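Working notes, beginning with the structure itself.
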Amino acid sequence: MKTNIYRVVSQSDVTYIPSMRKEGGLVAKCEIRLKTLGSAKRADEFLAHLSGNLALCRFFEGDVVAASFIYYVREVDGKLYQKVVCNDIVKLNR
């Protein structure tokens, strides 16, 4: 798995969804918007999903993080949708 360095643009509030693994349990979930390091106009920006304990970690705009992801692609009604799930994320010291 490849790990890259990103800058945090924003993070959504944590919500709780029913767990598929534990009956009656809940799993924390949120989304984080990350930007690759580079010039402001040319840097790529994307949205990733955080779940479980990772969703409970708070990151703020401008934080520099190292992160790795799992990419899912699925087809729904003939259209392809990509989902980016953060496998691991760590805040780096400045």
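The values are calculated or read from the model by the stated rules, or taken from the named source; none is laboratory data. Quantities reported herein were computed from a predicted structural model and do not represent experimental measurements. Please note: Cβ atoms are built from the backbone with ideal geometry, for glycine as well, and neighbour counts cover all protein chains shown. Surface areas here come from the heavy atoms of the whole protein model, side chains and all, with no ligands, DNA or RNA. Shrake-Rupley method; radii C 1.70, N 1.55, O 1.52, S 1.80 Å.
Checking each residue in the stretch 29-81 for being touching a residue at least 40 places away in the same chain (Cβ under 8 Å), small (Gly, Ala, Ser) and in contact with a Ser or Thr (Cβ under 8 Å, 6 or more places away or on another chain) picks out Ala66, Ala67, Ser68.
Of the residues that sit in the stretch 44-59 and are loosely packed, with under 14 Cβ neighbours inside 10 Å and outside any strand (DSSP E or B), which one is modelled with the lowest pLDDT? For the stretch 44-59, the residue satisfying everything is Asp44. Note on the stretch 65-94: residues that are surrounded by 10 or more Cβ atoms within 10 Å (Cβ to Cβ) and acidic (Asp, Glu) amount to 1.
The single condition among (1) open to solvent by 90 Å² or more (accessible area, probe 1.4 Å); (2) outside any strand (DSSP E or B) that Gly62 does not meet is (1). Restricting the stretch 29-43 to residues that are modelled with pLDDT under 90 and hydrophobic (A, V, I, L, M, F, W, C), the residue that is least open to solvent (accessible area, probe 1.4 Å) is Ala43. Under the condition of being of a type outside the set (D, E, K, R) and either modelled with pLDDT under 90 or within 21 Å of Tyr72 (Cβ to Cβ) (or both), the residues counted in the stretch 1-28 number 15. Kindly check whether there is at least one residue in the stretch 9-28 that is touching a residue at least 60 places away in the same chain (Cβ under 8 Å) and either more than 28 Å from Asn93 (Cα to Cα) or open to solvent by 30 Å² or more (accessible area, probe 1.4 Å) (or both). Within the stretch 9-28, none of the residues are touching a residue at least 60 places away in the same chain (Cβ under 8 Å) and either more than 28 Å from Asn93 (Cα to Cα) or open to solvent by 30 Å² or more (accessible area, probe 1.4 Å) (or both).
Looking at the stretch 38-50, is at least one residue polar (S, T, N, Q) and under 13 Å from the mean Cα position of the chain (by Cα)? Can you show your working first?
Taking the stretch 38-50 as the starting set, the residues that turn out to be polar (S, T, N, Q) are 39.
Applying the additional criterion that residues be under 13 Å from the mean Cα position of the chain (by Cα) yields none.
Taking every residue of the stretch 38-50 in turn, none turns out to be polar (S, T, N, Q) and under 13 Å from the mean Cα position of the chain (by Cα).
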